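**Student:** Here it is, the structure in full.
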Amino acid sequence: MNTSTFIGLLNNAALLVALALVFDTIVLQPAFEKTTIKILTGIVFGILGVAVMLTPWEFMPGVFFDTRSVILSVGGLFFGTLPTLIAVLITSGLRYFQGGVGAWTGIAVITTSAVLGVLWRHKRQRVLDSIRISELYLFGIVVHLSMLAWMLTLPWSVAKGVLSTIFIPVMVLYPIGAVLLGRLMVARINRKQEKEILKKNEERLKTIIENMPVMMDAFDENLKVVAWNAECENVTGYSADEIKQHPEPMKLLYPDPTYFKEIMEQVPNDGFDFKNKEWRLQARDGKDRIINWSNISKAHPIDGWHTWAIGIDITDKVSNYEKLRKSESLLSSFTEALPHLAFIYDEEGRYVKVFATQKDLLIEDPDILEGKLIKDVLPDELCQQFFDVINETIKTNQPQNVEYKLQVKKGERWFQGRTSLMNIEIDGKRAVVWIAFDITDRKFADNQIKASLKEKETLLQEIHHRVKNNMQIIASLLKLQLNGDKKRDVDNILKENIGRVYSMAQIHENLHRSDKLSEIDFKPYVQKLTQMLSQTYSADPRKVNFQVDTPELKLNIDKANPVGLVLNELISNSLKYAFPDGQQGTISIKSRMIDGGVIELIITDDGVGIPEGIDWESIDTLGLNLVQNLVRNQLNGSIDHDTTNGTKFIIKFNSESNYKS
């Protein structure tokens with residue numbers, strides 16, 4: 001088989017992917033059970049078959065080959081009888097219309113492929129979500145052996161040539177195509193089943209929540225109550241209908257505006273994951289009830305519930321809680337003086353005793369750890385480190401300090417340990433006291449400081465680089481001005497250079513106010529630049545009007561400098577030359593993003609324009625020469641000029657940065 005034949009078959013097989021889309025968008029939907037939908041599906045199915053047949057490989061006049069066998073067999077397997085029958089009629093009609101010596105053979109292949117798919121579907125009793133790759137491959141083999149068998153109905157000379165040419169690619173590629181397409185559809189069936197299971201579980205969860213013996217409320221995105229269970233009704237005295245239909249249910253429950261404001265100030269800080277918030281609400285009888293709320297929206301999201309929480313009425317237990325708090329406060333004055341953790345290890349590395357003011361800083365509870373060897377508890381690399389520290393303490397009778405990282409109940413934490421040799425032996429073995437402090441927050445702060453210092457160092461280098469570049473630009477501009485027209489008066493030269501320097505200075509002003517040091521907001525930059533130039537050239541705002549039409553656009557710093565200089569030159573030229581003798585007019589600056597990330601910048605004035613017959617690209621002025629050089633060399637863009645009505649410059653350049661680090 002030659003290369004063009006093989007590629008033709010591959011290209012043809014690629015069209016089968018569209019069948020999966022039809023299966024996903026129509027067949028898997030509940031409406032597919034309707035006969036009209038099945039007929040519509042069959043027509044779409046048939047059109048796909050026609051599309052496949054219209055891109056065939058022609059073996060000889062009248063003998064065509066394509067992947068109709070794959071699409072019809074797999075379609076029969078997954079679509080069912082009626083859509084497949086319609087598709088068979090459409091594709092058979094096309095094959096009959098195409099004619100040729102293989103017309104009836106082609107119709108037989110169409111019919112056989114579809115029938116095998118439908119029969120296989122009925123054999124599996126329409127249960128297709130568990131069909132294996134091996135079964136799909138066997139299915140593809142059976143279908144295409146049948147297809148090749150029909151080739152024997154052609155004249156022998158034709159059949160012999162056909163079989164010798166297509167046997168290998170058909171038996172290799174087409175069953176694989178059937179497997180891939182079949183697996184794609186099985187995956188879509190499984191995905192639909194998973195969604196249905198998830199939906200049922202959410203509905204079941206809502207039912208459980210509505211009837212559980214704790215308060216539960218839920219709100220939509222507009223803070224309207226969408227769920228208010230039976231316990232909420234019992235505690236507050238307000239029915240679900242009353243709360244849901246009330247225009248401001250929160251004010252009903254929290255009538256004191258000052259107290260409600262305090263509650264709302266806590267919610268944004270905690271987001272949708274707060275726990276054990278004790279808030280006082282007012283019941284229907286006017287009495288206050290204290291509810292302990294925990295919001296678990298983040299951990300257990302439910303469709304249609306923007307935020308939901310569970311609450312426990314603790315009103316009757318407040319006095320006990322207050323007593324407990326006082327006791328805890330008294331106890332904390334002692335425990336705060338103790339280390340987070342303390343261990344006694346013997347010389348074999350055994351936990352003799354474990355003391356913990358915060359048990360979540362342990363791998364296991366003290367009663368489980370005591371009696372175990374560290375090699376049975378700690379990771380291997382940390383175990384050896386602990387042994388070395390214990391042995392060094394015993395050997396030298398000197399305290400040892402060590403920092404280590406360990407995965408505990410609270411998560412991955414950093415600890416600072418300090419050891420000391422005990423004066424007594426325990427069960428005949430020397431022992432070491434190991435005191436450990438949780439230094440995770442300190443480690444985190446240290447890393448933040450290091451990162452901040454690194455960022456400031458990078459920032460200083462960047463500032464130095466940018467200032468150096470801008471000074472070089474200013475020096476170059478002044479040198480060009482010096483070597484240019486020596487007859488011009490100093491006042492105009494200074495005005496021009498003031499504008500150029502300001503255009504660069506304003507970029508750094510915008511960077512200073514920006515969250516990012518690599519880009520500026522283009523619109524406010526243009527507005528400030530036009531204001532400055534108008535003041536510099538004493539333009540009368542009643543006669544010269546500026547129109548700035550630019551969308552919200554971020555401009556990379558290596559683009560901003562040349563763009564600012566270009567705007568300065570063109571706007572300055574308009575202010576100086578476009579409106580002689582106090583003529584009124586408008587200067588317009590527009591920008592937009594066009595295809596491919598290209599920015600189009602249009603600077604227009606409706607003044608007198610450049611006189612006819614003068615080529616603006618050949619005018620020997622620093623300003624226009626600078627514009628051309630900046631656009632073409634630094635922006636890698638293009639610039640066009642139009643004098644139909646005044647003067648218009650159209651500049652295009654890529655928005656992406658040219659800077660390479």
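The values are calculated or read from the model by the stated rules, or taken from the named source; none is laboratory data. Here the structure is a predicted model, which is why all the values come from computation and not from measurement. Note that we place each Cβ from the backbone using ideal geometry, even for glycine, and neighbour counts take in every protein chain shown. All accessible areas refer to the heavy atoms of the entire protein, side chains included, with ligands and DNA or RNA removed. Shrake-Rupley method; radii C 1.70, N 1.55, O 1.52, S 1.80 Å.
**Student:** Kindly indicate whether residue 394 is among the β-branched types (Val, Ile, Thr), more than 26 Å from residue 442 (Cα to Cα), outside any loop (DSSP other than H, G, I, E, B) and open to solvent by less than 40 Å² (accessible area, probe 1.4 Å).
**Tutor:** So residue 394 fits the description; yes.
**Student:** Could I ask something else about it? So residue 64 fits all but one of (1) modelled with pLDDT of 90 or more; (2) in contact with an Asp or Glu (Cβ under 7 Å, 6 or more places away or on another chain); what number is the exception?
**Tutor:** Result: residue 64 passes all but (1).
**Student:** Identify, by number, the condition in (1) more than 26 Å from residue 544 (Cα to Cα); (2) out of contact with any Gly (no Cβ under 9 Å at 6 or more places or on another chain); (3) at pLDDT 80 or above that residue 631 doesn't meet.
**Tutor:** Every condition holds for residue 631 apart from (2).
**Student:** For the list (1) at pLDDT 85 or above; (2) farther than 25 Å from residue 43 by Cβ, I need the number of the one condition that residue 91 fails.
**Tutor:** (2)
**Student:** Let me ask something else. When you check residue 235 against the structure, is it over 36 Å from the mean Cα position of the chain (by Cα), surrounded by 15 or more Cβ atoms within 10 Å (Cβ to Cβ) and of a type in the set (A, V, I, L, M), yes or no?
**Tutor:** yes
**Student:** Out of the residues in region 421-449 meeting the condition of being in contact with a helix residue (DSSP H, G or I) (Cβ under 7 Å, 6 or more places away or on another chain), more than 17 Å from residue 364 (Cα to Cα) and in a strand (DSSP E or B), tell me which one is most open to solvent (accessible area, probe 1.4 Å).
**Tutor:** Here the residue is 421.
**Student:** Tally up the residues in region 239-255 that are exposed (fewer than 12 other Cβ atoms within 10 Å of the Cβ) and assigned to a loop (DSSP other than H, G, I, E, B), please.
**Tutor:** Total satisfying the criteria: 2.
**Student:** Do the conditions hold for residue 208, that is, is it loosely packed, with under 12 Cβ neighbours inside 10 Å, of a type in the set (A, V, I, L, M, F, W, C) and part of a helix (DSSP H, G or I)?
**Tutor:** yes
**Student:** While we're here: Kindly provide the set of residues from region 357-386 that are farther than 18 Å from residue 402 by Cα and under 41 Å from the mean Cα position of the chain (by Cα), ordered by number.
**Tutor:** Result: 358, 359, 360, 363, 364, 365, 377.
**Student:** Kindly establish whether residue 213 is without any contact (Cβ under 8 Å) to a residue 40 or more places away in the chain and either open to solvent by 90 Å² or more (accessible area, probe 1.4 Å) or not in a helix (DSSP H, G or I) (or both).
**Tutor:** Taking the combined requirement at face value, the residue satisfies it.
**Student:** List the helices (runs of 4 or more DSSP H) inside region 48-165, counting only whole elements, that have at least 2 residues being surrounded by fewer than 21 Cβ atoms within 10 Å (Cβ to Cβ).
**Tutor:** Per the criteria, 81-98, 103-123, 133-150.
**Student:** So, one more: Select, from 230, 240, 218, 178, the only residue that is modelled with pLDDT of 80 or more and closer than 30 Å to residue 127 by Cβ.
**Tutor:** 178
**Student:** Find all pairs meeting these conditions: Cβ atoms under 6 angstrom apart; at least six residues apart or on different chains; first residue within region 636-651 and modelled with pLDDT of 85 or more; second residue of a type in the set (Ser, Thr, Tyr) and open to solvent by less than 50 Å² (accessible area, probe 1.4 Å).
**Tutor:** Hits for this filter: 648/604.
**Student:** Yes or no: residue 594 among the β-branched types (Val, Ile, Thr), modelled with pLDDT of 80 or more and open to solvent by 20 Å² or more (accessible area, probe 1.4 Å)?
**Tutor:** Yes: the conditions hold for residue 594.
**Student:** Next question, about the same structure. Among the residues of region 570-604, write down those that are closer than 20 Å to residue 523 by Cβ and acidic (Asp, Glu).
**Tutor:** Listed by number, the list holds a single entry, 600.
**Student:** Further, regarding this structure: Which count do you get for residues in region 143-198 that are closer than 16 Å to residue 69 by Cβ and small (Gly, Ala, Ser)?
**Tutor:** 5
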